[in-house]
Structure formats: C-alpha cells, structure tokens
1. When region 269-290 is examined, which residues are found to be of a type outside the set (S, T, N, Q), surrounded by 21 or more Cβ atoms within 10 Å (Cβ to Cβ) and touching a Leu at 6+ places or on another chain (Cβ under 8 Å)?
2. Scanning for something surrounded by fewer than 11 Cβ atoms within 10 Å (Cβ to Cβ), of a type in the set (A, V, I, L, M, F, W, C) and modelled with pLDDT of 90 or more, does region 30-47 turn up at least one residue?
3. Give the residues of region 115-124 that are within 17 Å of the chain's Cα centre (by Cα) and outside any loop (DSSP other than H, G, I, E, B), sorted by residue number.
4. Among the residues of region 68-81, how many are under 25 Å from Ser137 (Cα atoms), touching a residue at least 24 places away in the same chain (Cβ under 8 Å) and part of a strand (DSSP E or B)?
5. Give the residue that is surrounded by the fewest Cβ atoms within 10 Å (Cβ to Cβ), with candidates limited to residues of region 249-264 that are assigned to a strand (DSSP E or B) and in contact (Cβ under 8 Å) with a residue 40 or more places away in the chain.
6. List every residue pair whose Cβ atoms lie under 6 Å apart, where the two residues are 6 or more positions apart in sequence or sit on different chains, the first residue falls within region 265-294 and is basic (Lys, Arg), and the second residue, located anywhere, is not in a strand (DSSP E or B).
7. Would you be able to tell me the number of residues in region 48-69 that are over 16 Å from Lys29 (Cβ atoms) and surrounded by 17 or more Cβ atoms within 10 Å (Cβ to Cβ)?
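The values are calculated or read from the model by the stated rules, or taken from the named source; none is laboratory data. Just so we're clear, the structure is a prediction, and the values are computed from it rather than from any experiment. For neighbour counting, all protein chains shown are included, and Cβ atoms are generated from backbone atoms with ideal geometry for every residue, glycine included.
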Amino acid sequence: MRKLFNIFLFVLCSVAIAGCNDTESSESKLEIKAVNTNFQATGGKGYIQLQSTGNITADVDVDWCVLKEVNPNEVVFEVKENTGYSGRNALLTISNGVKTEAFNINQSGAVFIFGKDEWMLRTDNKAATLPIKLQSSFDYTIDIPAEAQEWLSFEQNAKGINFKVKENTSGKMRGAIVNVAAKDRSASYQVIQYDVDELTGTWQGMFSDGQMNYGLKDVTIEKQENGTYLLSNMLTGLPYKLKAKAVDNCLAFGAGQNLGVFEDNLYLSFEILSSDLYYVKDPSVTISLGPVMLTDGTFVFAFSGIKESDPFGFVFRVYEDAELQKVIDNLSIFINCILFKEDIIQ
C-alpha cells in the first residue's frame, strides 16, 4: 500500500512539474510571423505580426515613428514623412515581460533629382516639346506664369516633364520662368522661344575681368549672306570682328580666331577661358551667346554656359607671331559678359 502511495505521489508531482513548465513556456511565447519595417521618404504604416502570450508592450526611440496599436497578434506603427536628404533609423522593442525582440525601422531620405544642365531651354519659333529629367520622392507642383500659359504647357511622365510650346507667331521673343517644387525643394527653368536672328542689331553691354566691371558701347551683330554672323566693337573703337555660327538657336564663337595685326608687328587672338580656367585655342571649342530672361521679364544676351563644363569666359590675347605661338600678354579678359538694349539696364 505504501508503495502504491509513493507511485501516486510521484505521478502527481510529475504532472505538477509538467504543468509548471507549460505555464512558463506559455508565458514566454513570443514568435514573429511577419514584419514591415523599411520605408521610402513618404513614410506609411508598418507592422510586426506575432503570436504571443502575456502582456505585450512596445516602445520606439524616436518621435517620427508613432505606435498605433499593440496587441498579442500585432504591433502597428506609423512612419512620418522624411523631407531631409539623409535616411534615418529607429529602434522598436516588443516584450511580453519575459522575452524581448528588437527591430530596426529604416527610412530613406527624400529624393529631388533634376538635370542641373537643363535649367535653360531655348528653342526656335516652331511648336516643340522640350523634355527634362526629374525624379522626386514626393508629388511636385509646376508653376507656369499666367501670362505664359496660353503658349506654354507641360506633361508629366515617368522620366520627368515635357514642356510643350506652341508656334510663336508674335514676331518677338517670348519666355517664362517655371518653378517646380516638392515639399521644401525646388528647381527653376527658363523656357525661351525666338528666332536666332533676333540677336542681330546694335547693343550695349557690360563684363568683368574678375576684378572690375566695364561697360560696352554700340556692339553690333550682323548676319552675313552665307548664314554666318559677325560681332563687332567688343574692343571699343578697334576694328576686330568675331565670327559665329548659329548652333542650338544661339551664336557659337569658335576659339583660336586669328584677328590679324595688332598695333605694329603684333597679332591678336580670340581664345576661350575654360571652366577650369585654361586658355583654349581649339576651334572645336565654342562659347555661346544666347538670351537669358530677367525676373522682370526682360531679356539680355549672355556669354554664359548652361552646363557646369561650359566655358567661363573669353579673352583677347596678344602674340609676337602670326602663327599665334609666342604669347605676350592678355589684352582683355571677358567674364559674365552680357549685351542688352540701352533702356533695359540703367
């Protein structure tokens, strides 16, 4: 009888111990089923799907990730928009009082990528489509001035924007400054439509040599019978003329033009100052003259590059020989040179 009692007691203890183990196992159960923890800059809702027992708690260490719901089956949170350039991370911890799990919440920085060399869009008077590349994490607005909306419109596509211009029958140059904005970032574009022959005429001007500003008076652009152009009086009172061709609706002046005799036995050359400040005589390298629109809606003609790699300016250089091999000195350096009607800039 005593033996049977001992056996019964052993079985009872075993059941109790097993029950305790089951309870501990149940209390510590915290299984992760699925997660959504990676986000674009636009943010959104995330979740940790789980199977657990016990009292579930959750905590996150940043204010841009907000807990929305916590229960034994799911932890739901919301990630706010990230308008900054840099990505960011948060740490989310979940616990049932016995076990703890930690999760990294990752969010990308905001993207607003546009072609830095596409800010100036020049075209002739024919109807045209002018594409630009633009990529943005957020929806963006395109602001065309009211006075230009009759002839300028746009279409958005997967790669960016197509600006569309109607045929210009007004007989004069027209343009618009278009602003594109997404959140706190923006880009501006100039769309100018004209006939390249509108650059001909007599103009006033100004330029810098890097130290001082100078004025230009009665600079003349003439079109020749062969379709080329001549620019005169850049060196006020001197007879030298620069040759140009119409390229991309601008006047392109090639480097290395031998302008002939200067004073007695010297010679003058037109050369280009490259973006990295080298003197260039290669005729295949050009600097362009084209219209730029001012904020008040008027136009000036500028020897300015559109691309970062475009020339910085140009220079007239004096040589000993007609072959332009033995340079003596610079006669005049032109930086930020613009031409305009006398009544535009006071």
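1. Selection gives Phe270, Leu289, Gly290.
2. yes
3. Scanning region 115-124 gives Met120, Leu121.
4. Going residue by residue through region 68-81, those that are under 25 Å from Ser137 (Cα atoms) are 68, 76-81.
In the following step, the residues that additionally are touching a residue at least 24 places away in the same chain (Cβ under 8 Å) were identified as 76-81.
After this cut, where a residue has to be part of a strand (DSSP E or B) as well, the list is 76-79.
Total satisfying the criteria: 4.
5. Of region 249-264, the ones assigned to a strand (DSSP E or B) are 250-254, 257-262.
Next cut, in contact (Cβ under 8 Å) with a residue 40 or more places away in the chain only: 250-251, 253, 258-259, 262.
Values: Cys250: 23, Leu251: 26, Phe253: 23, Asn258: 14, Leu259: 19, Phe262: 19.
This residue is Asn258.
6. Taking only residues 6 or more apart or on different chains, the pairs are Lys281/Ala255; Lys281/Gly256.
7. Number of matching residues: 3.
Quick grid of which residues meet (1) loosely packed, with under 13 Cβ neighbours inside 10 Å; (2) in the same structural domain as Asp296 (by TED's automatic domain parsing); (3) in a helix (DSSP H, G or I); (4) under 25 Å from the mean Cα position of the chain (by Cα):
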residue	(1), (2), (3), (4)
Lys126	yes, no, no, no
Leu130	no, no, no, yes
Phe138	no, no, no, yes
Glu147	yes, no, yes, no
Lys164	no, no, no, yes
Gly171	yes, no, no, no
Val180	no, no, no, yes
